[in-house]
Amino acid sequence: MSLKAFRGALLDFVDDPFYASEADSVRYLPDGLLVLEDGKVKALGTYESLQASYANVPVTVYPDRLIMPGFIDTHVHFPQTEMIAAYGEQLLEWLSKYTFPTEGKFKDKAYAQEIASFFLDELLKHGTTTALVFTTVYPQSVDAFFEEANRRHLRMIAGKVLMDRRAPDFLTDTPETAYAESKQLIEKWHGHDRLLYAITPRFAVTSSDEQLRLAGKLLAEFPDVYMHTHLSENVNEVRLVAELFPDSDGYLDVYDRAGLVGSKSVFAHGVQLTDAEFQRLSIARSAIAFCPTSNLFLGSGLFNLKRAKSVDAPVKVGLGTDVGGGTSLSMLKTTSEAYKVTQLRGETLSPFQALFLATLGGARALSLEDRLGNFEPEKEADFIVLNPRATPLMARRNPTAIATSLPELADQAFATMILGDDRAIHATYVMGELAYEQG
């Protein structure tokens, strides 16, 4: 039995602040104690209430810091790390000009391993401890990613990309090879240590009816794996899908007919969704990865978060950085852009709602709320130590290091998510072990 504890200001969520009051959804302890046993949460409470019970347990103290669950990124492309900030195109042109040539390099496993290692180190530096990740069409890129994630003992989800048309020959597979290679990778990696698998058709444009059908067959055979793809990102993309699948009743229906819309299906973007498609996602308990930096950078549009989080037909929503269409691996930057998207729609996004999406909301979107997302007992102890005064400007904006009330905390959290980036991440812990610390 290995016990350790961490003392500091503690913030997590016990309910969804889109539907419950802040008082009922936010748990904040200005002087709290987080007790861990063998990498999982054993107890959480005020330092005063727990100190006597754990008097002999070693305590790491973080004065003037805010301890939160690790961030959860529900959609990101690790092979696009090196092509972030590619200029001047919208989705379809951007894929052809920049993305496909870059992904071709990942046929070389050593290269894939190098980028995977850099990518995962960057995630930890930015406070992200779990992500749902696109690899490439090459199985060796999947192996490289999972090997590096496993080396860091991370809770990660990924899968081989399926593409059998409308992409360069060097990046295409066939329905049969996609099925066979994906099945082999599922059997190798799904449930290995903390790793999970996602069946990953890139998007309807690059998969034939037969490939999508076989992806659905695979999902039926392995119902506990994920399905991860893109949906209704760009106006021209939606128009092209309608041309390629004339018998379908909209973009989502293409996936639905193939048996790919379920409770562990995560659809990136959803900017152009119809009301009927929101309804269907709600019924299926599928999730949307809201990718604000990417949607703005590629000119895709403004995601309707209010509709997704409606009371009548709620859809699970997480946040995605979507690098390299997105512009930063920082979930703080992503929450900042999410706030701006809602502003442009004439709506609001509170700081607690934004941080919920980045933590417990992301865990719910990935059906991992029983393991991640807050500090409930027995959950995996992936957490970050935030510095709300990390830069001179942040220190000026947040003159008090530790908030003493929810309104004060809301103001501090908002300033941190608008002004913060990787410099605000003081430390990142994975299963209770230090994985990154600022030098």
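The values are calculated or read from the model by the stated rules, or taken from the named source; none is laboratory data. Because the structure is a prediction, the values reported are computed rather than measured. So basically every Cβ, Gly included, is an ideal-geometry build from the backbone, and we count neighbours across all protein chains shown.
Remarks
- Output for the range 305-315, where each listed residue is free of Cβ contacts under 8 Å to residues at least 60 places away in the same chain and under 18 Å from the mean Cα position of the chain (by Cα): L305, A308, V315
- Residue among S248, S294, S263, S282 that is assigned to a helix (DSSP H, G or I), more than 27 Å from A86 (Cβ to Cβ) and either in contact (Cβ under 8 Å) with a residue 24 or more places away in the chain or not aliphatic (A, V, I, L, M) (or both): S282
- Scope the range 350-368; condition touching a Lys or Arg at 6+ places or on another chain (Cβ under 9 Å) and either in a loop (DSSP other than H, G, I, E, B) or under 18 Å from R65 (Cβ atoms) (or both); matching residues: L366, S367, L368
- Filtered by the rule that a residue be closer than 22 Å to E237 by Cβ and within 23 Å of the chain's Cα centre (by Cα), the range 161-205 gives V161, L162, M163, A198, I199, T200, P201, R202, F203, A204.
- As for the range 420-431, it holds at least one residue that is more than 19 Å from S328 (Cβ to Cβ) and in contact with a Phe, Trp or Tyr (Cβ under 6 Å, 6 or more places away or on another chain).
- Criterion (in a loop (DSSP other than H, G, I, E, B), in contact (Cβ under 8 Å) with a residue 24 or more places away in the chain and closer than 15 Å to F352 by Cα) met by exactly one of A403, A410, A415: A403
- Annotation: Y436 fulfils all but one of (1) over 25 Å from P292 (Cβ atoms); (2) crowded, with 18+ Cβ neighbours inside 10 Å; (3) among the hydroxyl-bearing types (S, T, Y); the unmet one is (1).
- Among the residues of the range 396-414, those that are buried (at least 18 other Cβ atoms within 10 Å of the Cβ) and under 29 Å from D121 (Cβ atoms) comprise N398, Q412, A413, F414.
- Filtered residues of the range 57-87 (kept if surrounded by fewer than 24 Cβ atoms within 10 Å (Cβ to Cβ), of a type outside the set (S, T, N, Q) and within 26 Å of A116 (Cα to Cα)): M68, E82, M83, I84, A85, A86, Y87
- On inspection, E187 fails the criterion of being surrounded by 16 or more Cβ atoms within 10 Å (Cβ to Cβ), assigned to a helix (DSSP H, G or I) and modelled with pLDDT of 95 or more.
- Within the range 234-287, if we keep just the residues that are aromatic (F, W, Y) and farther than 18 Å from D209 by Cβ, the residue that is surrounded by the fewest Cβ atoms within 10 Å (Cβ to Cβ) turns out to be F278.
- Residue in the range 119-134 that is within 29 Å of N387 (Cβ to Cβ), assigned to a helix (DSSP H, G or I) and of a type in the set (G, A, S) present: no
- Residue within the range 210-218 that is outside any strand (DSSP E or B), more than 29 Å from M156 (Cβ to Cβ) and assigned by TED's automatic domain parsing to the domain that holds I157 present: yes
- Tallying residues that are buried (at least 23 other Cβ atoms within 10 Å of the Cβ) and either at pLDDT below 95 or part of a helix (DSSP H, G or I) (or both) within the range 147-171 yields 1.
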